[in-house]
Structure formats: C-alpha cells, structure tokens
Amino acid sequence: MSLVSWLRHLFVPHQTNNCKARILHPSVLSLLVALFIFGQFSLNFYMLVSPSVLGFASNITPERVIELTNQKRAENGLGPLTLNGKLSEAAQRKGGDMFAFNYWAHVSPSGRTPWSFFQEVGYRYLYAGENLARDFMNSDSVVEAWMNSPSHRDNILNPNYKEIGLSVINGTLNGVETTLVVQLFGTPPTTTAQNTPAKTPAIAAVPTVTPTPVSEPVITITPAPEPVELAQQPESEIGEVAPLSKVALAQNKGESTSPPLFSPFLLTKTIAIFLLGLILGALSLDAAFVCQRRIIRLSGKNLAHLIFIGALLLSAILTTPGAIL
Amino acid sequence: MKDLKHYLSLLAFLSIGFGLFWIFNFNRHIQIIITIGLGIAYVIWGTIHHLIKKDFHWRIVWEYIIVAFMACVLVIFLLLRS
C-alpha cells in the first residue's frame, strides 16, 4: 500500500475502510488512547530514573508576590501586611519539608500541620493562615490564581492578618523539578491580648479546610499569654523585615541546580492538542466527504463529535501549569 | 437545520461545562470531575439523540463512548501534569 493510499484509507471514507475514515474507527481511537496512556506511564518512569531532565522553569519572586498581595488588599480597603522574617523562615521550612518528604499538602503525611513551623521558628500568633502554589510561570499568575479561589482569597483579604511570610523554593517533587510558593499569614498577639488570658481563640485557617477556632487542643501552639516572654521579645522583632531569598535546590538532598531540559506538562499538552486536533481534522474531512458523496452509514453524528472534541480541545489549550492548595 | 434543538442542547451543556472548567481554573480535582461529567453527559446525549431519531444501535453508543473516553483521557492526563 503506497503512502497516498494509506493516507486515503486513514482519512477519507472509502469502500476500503467501510465508508468511514479509518482513524475514526473505535479500534484506531482506542489504539491512540492506549498509546497515549502508555506514553504517560513511560514519562512517569523516565521522571523517576532521570529527574533532573524534566522540570519547570519559573520566574517568581517573593517581593513581587507580597507586593501583589498588598495591592489586592489595598483594592479591598485593607491595610498592607508587614513582612516578617520569622514567618518567611517558617515558610521556607514548610517548603523544605514538602520536598524532603515528597508531599504536596497543608498537612504532611506524618500529620505535621503548618502551625508546627510557626512554633519551630518561635512565631507566636493570634491568627494564622497558609496558601500554597506550585509550578506557576510568574508571580502575577500565582496571586491571580489565589484570588480566583474563594478560600485562598479569604486568606489574602482577611482583615485579621497583620504580617506575612513568603518563600519561593525550587526542588524535586515526585521526580519533577518544581517551584513551590509558600505564603504564611499571621497576627502576633498584641499587648492587650497578651494581658487578657480569657481572650481566646486564635483562628488557624487552612484554605481548603473550613477555618476553625483554635480553642481546643491546638491552644498549645497558639499564643498563650505569657507576659514574661513578651517582655523578652523586643517589640521591633515582631515586625522585623528580613531579606528573602530563594532556597537553592542544592539544599534539598544535594541535587543539581541546572535547569531542566523540558517540562512534562508542555510535552503532554503538545501531544494532547496534536491528537485532539488530528481527530478534529479527520472528523471535518470525513464529514465533508460524507456530505459530498451522500454516503449513508450506521454511525454517530460527526457534527456532534466535532462540537464535543472542539470544546475539550479548547479546554486543553487554555490549561496552564500551576496548582494551588 | 435539522435537529437544531438537539444541537442547541449539546452546545448548552458543553458551554456550561466549559464555563465551570474556566471558573475552577487551577482547582484540578474539580476540573477533572467536570471533564468526566462532560464525557458522561455527551454519551447520554448521543444515546438519546439516536433513540429519538430511531437509528439507535449499540455500535453507535460504543462510538460515542470511545470518542468521549479519548477526549477526556487526554484532558485529564494534561490536568494531572499541570
């Protein structure tokens, strides 16, 4: 079979393919899906054996994320958040923990909550919250994604928060070079609050979980009024502005900092769009021939397939990398 | 145009699904659920359409299932990678 006749067999309804483009037969479509799934699992395997080859390059800076966060607050009539060095340190530790124990969640697999990092760096709070993001291209898209999610937006626009800590960390998560953004919010106990022990509950808000008053067991983490400690802690330290820095990849298990060669997301997106486009083209060609030659056959509606696949192709095109939690 | 109402209903639920997909951008779990929902809805639409047109056959339903499955698998794997 020559190349031309093979292409005709594949794309043009003819008696050799039972009057329907061969590529649109369920058996060929199933084969394409099977090959795609096999390719995806092969990519997963490749990511395990050569993690440094795959990854995601981003251009996110903590300063810009904080600037945008404060900008969103200002647009909603709220005061700016002050950068706190301890909160940023807690954010760095949280990000490092996610890479070290290979997880993407507010609570680690061993049950470690975000608030334990606050405690670890000695940040005492009345209110606290956490926003997470990964694999975004730039700072603007991170903040935009958070603002489009009601729970994350609530954190950014929470009037109770006074301070912010932020960390942008590169590392390897599930075999892929990843950029994590950890944004922590906090409100240190005021002198008034410190001196009124009855005034409780701090609120620990995790975006995906309904904010719950920290009035019961977690109270050990939250600021139990201790005037002595407050006296030891200089007022200026609470609002201290510490320089932020990107934590090098080398910090995590001593891995290489060289940029990845290609992104699994972009590869998958390219293949998915190509396959959907190929089927869309084949459906259009098939429909044109069926109409022109007035072919009568037992088959689904090409127009319906075109509309459905077109909608999903559009969804695939509009899908951008990045996830929030 | 023949079957205009049928195609308008198809366009309507696909538009709603696409709108929800856009609204829940970056919320991958919900986007995956929306994609699966669209695939199932499409197979149901195809089945009802051919039942009404009185040319229903299991081979046709199978075709709708394969088309929906293929498109959904491609988008879901893409969402899982993002």
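No value in this document is a laboratory result; all are computed from the given coordinates. What you see is a predicted model; the values in this text were computed from it and never measured. Cβ sites come from the backbone with ideal geometry, for glycine too, and all protein chains shown count toward neighbours.
Brief remarks on what is shown
- Tally of residues being more than 8 Å from chain B (Cβ to nearest Cβ) and not small (Gly, Ala, Ser) across the stretch A:18-46: 16
Each row is one residue, and each column tells you yes or no for (1) surrounded by 14 or more Cβ atoms within 10 Å (Cβ to Cβ); (2) more than 15 Å from A:Asn302 (Cα to Cα).
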position	(1), (2)
B:Tyr7	yes, no
B:Arg28	yes, yes
B:Gln31	yes, yes
B:Leu38	yes, yes
B:Ile48	no, yes
B:Ile60	yes, no
B:Tyr64	yes, no
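- For the stretch A:105-123, the count of residues that are assigned to a helix (DSSP H, G or I), among the aliphatic types (A, V, I, L, M) and in contact (Cβ under 8 Å) with a residue 12 or more places away in the chain is zero.
- On the stretch given as the stretch A:280-313, residues that are at the interface with another protein chain (Cβ under 7 Å from one of its Cβ atoms), under 20 Å from B:Arg59 (Cβ atoms), buried (at least 18 other Cβ atoms within 10 Å of the Cβ) and of a type in the set (A, V, I, L, M) total 2.
- Taken over the stretch B:18-64, the criterion of being more than 17 Å from A:Leu314 (Cα to Cα), within 9 Å of the chain's Cα centre (by Cα) and small (Gly, Ala, Ser) is satisfied by B:Ala41 alone.
- Each residue in the stretch B:1-50 was checked for being at the interface with another protein chain (Cβ under 8 Å from one of its Cβ atoms) and of a type in the set (Lys, Arg), and 1 of them qualify.
- Exclusive hit being among the β-branched types (Val, Ile, Thr), within 28 Å of A:Glu177 (Cβ to Cβ) and either in a helix (DSSP H, G or I) or at the interface with another protein chain (Cβ under 7 Å from one of its Cβ atoms) (or both), set B:Val75, B:Val67, B:Val61: B:Val75
- Checked against (1) surrounded by fewer than 16 Cβ atoms within 10 Å (Cβ to Cβ); (2) assigned to a loop (DSSP other than H, G, I, E, B), A:Phe136 meets all criteria but (1).
- Restricting attention to the stretch A:141-191, the residues being assigned to a strand (DSSP E or B) and either farther than 15 Å from A:Ala90 by Cβ or touching a helix residue (DSSP H, G or I) at 6+ places or on another chain (Cβ under 8 Å) (or both) number 22.
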